[in-house]
Every structure is written in structure tokens, then in C-alpha cells.
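Some notes on the structure that comes next.
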Amino acid sequence: MSAPSDAPEKQVEDNGAAAGAASGKAPAAAERSLRQIAWQRFRRDKVAMGGAIVVVLLIAMAVLAPLLTRLFGFPPNEFHQSLMDPLTGGALNDPADPASGIDPWGGMSSEHLLGLEPVTGRDMFSRIVYGAQISLLVAFGATVLCVVIGTVLGIIAGYFGGITDTIISRAMDIFLAFPLLLFAIALAGVVPDGAFGLQGNALRVGLLIFIIGFFNWPYIGRIVRGQTLTLKEREFVEAARSLGAGSGHILFRELLPNLITPILVYSTLLIPTNIIFEASLSFLGVGINPPTPSWGGMLSNSLDFYTTSPHYVIIPGLAIFLTVLAFNLFGDGLRDAFDPRSSD
């Protein structure tokens, strides 16, 4: 048995139809579904729409990284040391003239759209594009793991209550008390390059997803638990029980569909947090192994060149900033669009 989510909507339509018949106007607004109303609210929010467009472009850039690299750049680990000054490591203004001086913007040109990495001369555009793959892969993977664990435990705690709720709630408190960054540094630092059947960066990506996702689930667990405590007293749950529905059916066929909206909204706000966390670990040297591009790793390496090659600091920092900002604006827009207290 499904939740009677259409009942209020049907009542609104009936009232709207009556009002429309009395006034001689078509009840267009009343005939809209809740999803249509949310979409129209979201579409009117230009800031949120801008964030959504940037998010889509970032995902497309990460997916199409090999193609973009072939069209607009060079392989991300290909050296171009002939274009660099051997003394300072900066890009030369004129590679044919070693005395031409250093270009503070890293030799940006039609061939190297974002310039060159100091010393090695690797193409910054390619490394930023491939770095997006790592950041989004870790962020999305950790978010999925976090949402799955938090949703399952939160809905179980809220529905069954009693000792089950007490045990899960205390587990949430324990996980929230963990100094996550220090624990992640320690765990990522002691795991060898080969473990659990994985090696190299495949292991590092899996480890980062596990650390970030597994230890962040209590946040969404508390949200789901609170929503479940409210929903389990609703009429549709009582109706399902009266018809003999089991706990599993009520949990995942009755309650879970009504929790999709808060889960979706919170997930979009959790992704930018995970992006920053991954960048922080790579910045501290316990994230992705070089030479694989990572925005946090690029920022860490740029500290020695911020005076001679400021672009090396600005570009990866700007990539992180824009990505996190876009996801936050997108998440805020979704939250406002699905908020029943929002004006239509």
C-alpha cells in the first residue's frame, strides 16, 4: 500500500476546479502536481539554476576529460620542460629566448589554455579536468555510502524506537565525536599501497570514499530519524498495519518514498563538503598518489611557487571554490523548491 500523497493534491484540484467554475477561469495552477510546483519554484530561482548549470557542466567535463584533453590540451602527465626556466621553474615568456623572463601566468596560450605547471611544464588545463574526475568520484561515492547507511539506520531507529533507537542514537553520538580529519589522516597514512585486492590510486579512491562516507552517516541519519518519527504516526502507516503489512513493507514501501525529498536535498548539500574533505586530504599528502592530478594536491605543490607562478595557486583554488559554490547554490535551491511553506 502506498502513501496517500495524492490525497491533499486531489483536494486542492477539486477546490481549484470549483473556484474556476465559479469564476469562469481554468484552474491551471490547481491542476499542477507537487513536482511541477517544485520545478517551477526552482526554475524561477535564477541563482539556483545557475548553480545547476555549473554542476551539469562540471560533471560533463569530468566524464569527457579524455576527449577534452585531446581537443584542447595535452596528456596530464606529459612534461614540457623546454618551455620552462631551469632556474626558477616558471614558464618562459618566449621559449625560444631563455632571457625573455618569466610569464607570471604560466605561459597561457591557445595551446595551453590555463598555462603550465611550474618546473615540469605539465598542462594545467588537462590536470584540472582530470582532477575533476577524482574530486567528483570521491564526493559522489562518499555521499552515496553516507546516504545509504544513514537512511537505513535512521529509518530503523525512528520506526522501531525503544532500545533499537537508543543503540543507534548512541552510535550516532559516538561517530559524531570522532575527530574525523585526524582519524582520516592516520588511517590513510598507514594503509599500504596494496590491500583488499586493490593497488595504487584505486585503493586510495576506495579508502577515501570509505572514510568520508562511513564516518559522516550520522548527520543524515538524524534527519531521517526525525522525519520517520513524524511520518510513522500518519494515517497511511496505520492503514498499512491494519491490512497486515510487515515492518519491512512499511519501512521501504511506505516511509522511504516520503523521505526521498529531504534525502535528495541533504545529499546535494553534502557533496561540496566531501569535495573539500577530499581536497584537504590530498593537500596534506594522504589523498591521491601523484602524479595523478588532484585539486588538493595541486594546491599543496603550488605553495613553493605562489610568488613566481601565482596561476598555479589561483586555478586549482578557483576550481574548488566554484565547484563547492555551485553545489551549495543548487542544494539551497532544491531545499527552497520542495519547502511546502514556500509561496507558489
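The values are calculated or read from the model by the stated rules, or taken from the named source; none is laboratory data. Since this is a predicted model, take the numbers as computed values, not measurements. Every residue, glycine among them, receives a Cβ derived from its backbone with ideal geometry; neighbour counts consider all protein chains shown. Surface accessibility is based on the protein's heavy atoms, side chains included, excluding ligands, DNA and RNA. Shrake-Rupley method; radii C 1.70, N 1.55, O 1.52, S 1.80 Å.
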>> In whole Hz and in residue order, list the ³J(HN,Hα) couplings for the stretch 188-205 that follow from phi through the Karplus curve 6.51 cos²θ - 1.76 cosθ + 1.60, θ = phi - 60°; x for Gly and Pro.
In response: 5, x, 9, 6, x, 6, x, 6, 6, x, 10, 9, x, 6, 4, 5, 5, 5
> What list of ³J(HN,Hα) couplings, whole Hz, do you get for the stretch 240-245 from phi and the Karplus terms 6.51, -1.76, 1.60, once you set θ to phi - 60° and write x for glycine and proline?
Replying inline: 5, 5, 5, 8, x, 5
> Looking at V147, P316, M108, which one has the Cα that reaches farthest to the positive end of the dipole of the chain (charges on Cβ: Lys, Arg +1; Asp, Glu -1)?
Replying inline: V147
>> Please report the spacing between the Cα centers of the stretch 59-119 and the stretch 221-262 in Å, no decimals.
In response: 56 Å
> So what is the diffusion coefficient of the stretch 252-344 in µm² per second by Stokes-Einstein at 10 °C and 1.306 mPa s, using a Kirkwood Rh over Cα pairs?
Replying inline: 103 µm²/s
>> Just to be sure I understand: if I project the alpha-carbon convex hull of the stretch 109-197 onto a plane and average over all orientations, what area do I get in nm²?
In response: 9.8 nm²
> What nm value, rounded to one decimal, do you get for the distance between I276 and S109 when each label is placed 7 Å out toward the C-beta?
Replying inline: 3.9 nm
>> Under a crude label model (7 Å from the Cα following the beta-carbon direction), how far is L229 from H249 in nanometres?
In response: 2.8 nm
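Between V144 and R170, what length in nm is gained on full extension when 0.36 nm per residue of separation is reduced by their alpha carbon distance?
Working: separation 26, 0.36 × 26 = 9.36 nm, distance 2.27 nm.
So the chain would gain 7.1 nm between V144 and R170.
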> What are the ³J(HN,Hα) values, in whole Hz, obtained from phi via the Karplus relation 6.51 cos²θ - 1.76 cosθ + 1.60 with θ = phi - 60°, for each residue of the stretch 113-125 in sequence order, with x given for Gly and Pro?
Replying inline: 4, 10, x, 10, 6, x, 6, 7, x, 5, 5, 5, 4
>> Please report the carbon-and-sulfur percent of the accessible area for the chain; probe 1.4 Å, protein heavy atoms only, DNA, RNA and ligands left out.
In response: 66 percent
> How much mean residue ellipticity at 222 nm does the chain get from its helices, if each DSSP H run of length 4 or more adds -39500 (n - 2.57) and you divide by all residues, to the nearest 500 deg cm²/dmol?
Replying inline: -21500 deg cm²/dmol
> Residues with amide H under 5 Å of S309's amide H, sequence separation 5 or more or different chain, H placed in the peptide plane at 1.01 Å from N; which?
Replying inline: none
>> Let's see if you can work this out: charge +1 on each Lys and Arg Cβ, -1 on each Asp and Glu Cβ, no other charges. What is the dipole magnitude of the chain about its Cα centre, in debye to the nearest 20?
In response: 960 debye
> Once the whole set of protein chains is in place, how much accessible area is left on D193, using a 1.4 Å probe, in Å² to the nearest 10?
Replying inline: 100 Å²
> Under a GNM of the chain (C-alpha, springs under 10 Å), which listed residue has the highest mean-square fluctuation: P75, P192, P118?
Replying inline: P192
> Per residue, how much accessible area does the chain have with a 1.4 Å probe, in Å²?
Replying inline: 51 Å²
> Given a 1.4 Å probe and the protein chains all in place, what does the accessible area of L113 round to, in Å² to the nearest 10?
Replying inline: 70 Å²
> What residues have an amide H closer than 5 Å to that of I288, excluding those fewer than 5 places away on the same chain, when H is modeled at 1.01 Å from N in the peptide plane?
Replying inline: S282
